[in-house]
Amino acid sequence: MCLHQPPCPPADAPDHDSARLVAFHPEQGWSLLCNGVVIFADTGELLPDGRVIPAPRSCPDQAG
(Lines give C-alpha, C1' and ligand atoms only; values in the text may rest on other atoms or scores of the structure.)
Protein backbone atom coordinates (compact mmCIF):
# COMPACT_ATOMS: atom_id res chain seq x y z
CA MET A 1 0.00 0.00 0.00
CA CYS A 2 2.89 2.37 0.80
CA LEU A 3 4.40 3.90 -2.35
CA HIS A 4 6.83 6.46 -0.90
CA GLN A 5 10.42 6.05 0.29
CA PRO A 6 11.34 5.05 2.88
CA PRO A 7 8.30 2.82 3.16
CA CYS A 8 6.09 2.95 6.22
CA PRO A 9 6.22 0.06 8.69
CA PRO A 10 3.72 -2.68 7.82
CA ALA A 11 0.53 -3.11 9.84
CA ASP A 12 1.98 -6.09 11.75
CA ALA A 13 5.14 -4.23 12.85
CA PRO A 14 5.44 -3.06 16.47
CA ASP A 15 5.79 0.57 15.28
CA HIS A 16 2.90 0.40 12.80
CA ASP A 17 1.31 3.61 14.12
CA SER A 18 4.31 5.62 12.91
CA ALA A 19 3.09 5.24 9.31
CA ARG A 20 2.08 8.33 7.35
CA LEU A 21 -1.39 9.75 7.79
CA VAL A 22 -3.55 9.29 4.68
CA ALA A 23 -6.95 10.46 5.93
CA PHE A 24 -7.83 12.41 9.08
CA HIS A 25 -11.43 12.72 10.27
CA PRO A 26 -11.41 14.12 13.82
CA GLU A 27 -15.10 14.93 13.58
CA GLN A 28 -15.74 11.20 13.20
CA GLY A 29 -12.97 10.11 15.56
CA TRP A 30 -10.71 8.14 13.22
CA SER A 31 -7.62 8.38 11.02
CA LEU A 32 -6.28 6.10 8.27
CA LEU A 33 -2.56 5.37 8.01
CA CYS A 34 -0.64 4.51 4.85
CA ASN A 35 -0.27 0.88 5.94
CA GLY A 36 -4.05 0.41 6.18
CA VAL A 37 -4.35 0.75 9.96
CA VAL A 38 -7.33 2.77 11.22
CA ILE A 39 -6.63 4.60 14.47
CA PHE A 40 -9.55 5.79 16.58
CA ALA A 41 -9.71 8.83 18.86
CA ASP A 42 -9.93 6.57 21.93
CA THR A 43 -6.55 5.05 20.83
CA GLY A 44 -8.10 1.76 19.70
CA GLU A 45 -6.97 0.42 16.32
CA LEU A 46 -8.33 -1.68 13.48
CA LEU A 47 -5.75 -3.57 11.43
CA PRO A 48 -6.23 -4.27 7.71
CA ASP A 49 -6.78 -7.98 8.37
CA GLY A 50 -9.75 -7.18 10.66
CA ARG A 51 -7.97 -7.65 13.98
CA VAL A 52 -8.89 -5.13 16.66
CA ILE A 53 -6.45 -3.58 19.11
CA PRO A 54 -8.65 -2.22 21.89
CA ALA A 55 -7.97 1.11 23.53
CA PRO A 56 -6.07 0.72 26.78
CA ARG A 57 -8.34 1.10 29.78
CA SER A 58 -7.18 2.35 33.15
CA CYS A 59 -8.45 0.61 36.26
CA PRO A 60 -10.53 2.71 38.61
CA ASP A 61 -8.83 3.66 41.86
CA GLN A 62 -9.49 0.84 44.32
CA ALA A 63 -8.80 2.93 47.41
CA GLY A 64 -11.66 3.69 49.64
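The values are calculated or read from the model by the stated rules, or taken from the named source; none is laboratory data. Bear in mind the structure is a predicted one, so any value in this text is a computation, not a measurement. Note: areas computed on protein heavy atoms with side chains; ligands, DNA, RNA excluded. Shrake-Rupley method; radii C 1.70, N 1.55, O 1.52, S 1.80 Å.
Sorting Leu33, Leu3 by accessible area (1.4 Å probe), largest first, what list results?
Descending accessible area places them as Leu3, Leu33.
Candidates (1) 78; (2) 69; (3) 65; which is the computed percent of Cα pairs over 13 Å apart?
Checked against the structure: label (3).
Could you rank Ser18, Ser31 by how accessible they are, 1.4 Å probe, largest area first?
Order by accessible area, largest first: Ser18, Ser31.
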